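Visitor: Starting off with a structure, shown below.
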Amino acid sequence: MTQFTDSDDDLLTFEAGAAVRTANLAVERMRAHGSQGRGVSAGALDLLIRLNGSEHGISIGELARTAGVSSRNATGLVDTLEHDGLVRRVPDPKDRRSVLAEITPAGRAWMKAFRKPSQLAMRAMFHGFAPEELVVLRDLCLRLAANQHRLADRLRQTGQQP
């Protein structure tokens, strides 16, 4: 990594970035392993989690935006979940031209069955962390994400790709 750095501070930020990527990959591998064993991709699981938290459904565009994927990708994931009976499309009561994706009772049952193994996996992943450390880790990760969003917005405003 020293080829990208001019100082010890630069080296530390690159090492921190590499550590975040490594940790993210580890969590995502665990998450993907748990969901694929149940017939749902990690991307579909992400949408299912979002829909499970909604009482009235969510538009495909909003799902795409909050999941950080394209509308086309979100549409494909909703198609798959709908085919599996976990999600359905319903008319948007606020806009008759639009539809919402809504979790079905089968989808809620799927989420309920997925919850316990997920809890066990996350406990294992964060074994040995004190509650105070988890709070600090969470807050640092959220700050990192907020910095990335600000940078992406600034780059978009200047016409550069984030």
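The values are calculated or read from the model by the stated rules, or taken from the named source; none is laboratory data. Computed from a predicted structure; not experimentally measured. Cβ placement follows ideal geometry from the backbone for every residue including glycine, while neighbour counts extend to all protein chains displayed. Each accessible area value is taken on the protein alone, full model and side chains, heavy atoms only, with ligands, DNA and RNA left out. Shrake-Rupley method; radii C 1.70, N 1.55, O 1.52, S 1.80 Å.
Visitor: Over the range 31-144, what percent of the accessible surface lies on carbon and sulfur atoms, probe 1.4 Å? Mind showing how you got there, number by number?
Guide: On the way: 4250 of 7410 Å².
The C+S portion of the solvent-accessible surface of the range 31-144 is 57 percent.
Visitor: A follow-up question, please. Once amide H atoms are built 1.01 Å from N in the peptide plane, which residues 5 or more positions from S41, or in another chain, come under 5 Å H to H?
Guide: none
Visitor: Using only the Cα atoms, work out Rg/Rh for the chain, with Rh taken as the Kirkwood radius, to two decimals.
Guide: Here the Rg-to-Rh quotient is 1.04.
Visitor: Using unit Cβ charges (K, R positive; D, E negative) and no other charged atoms, how large, in debye to the nearest 20, is the dipole of the range 8-145 about its Cα centre?
Guide: So the dipole magnitude of the range 8-145 works out to roughly 760 debye.
Visitor: Could you estimate the translational diffusion coefficient of the range 47-122 from the Stokes-Einstein equation, with Rh from the Kirkwood formula over C-alpha pairs, at 25 °C and 0.890 mPa s, in whole µm²/s?
Guide: Details: Rh = 12.8 Å.
Diffusion coefficient, whole number: 192 µm²/s.
Visitor: To continue, here is another question. Find how much the distance from D95 to H149 grows on full extension, using 0.36 nm per residue of separation minus their present alpha carbon separation; answer in nm with one decimal.
Guide: Gain on stretching D95 to H149: 16.5 nm.
Visitor: Enter the accessible area per residue of the range 24-162 (Å², integer; probe 1.4 Å; all protein chains in place).
Guide: 69
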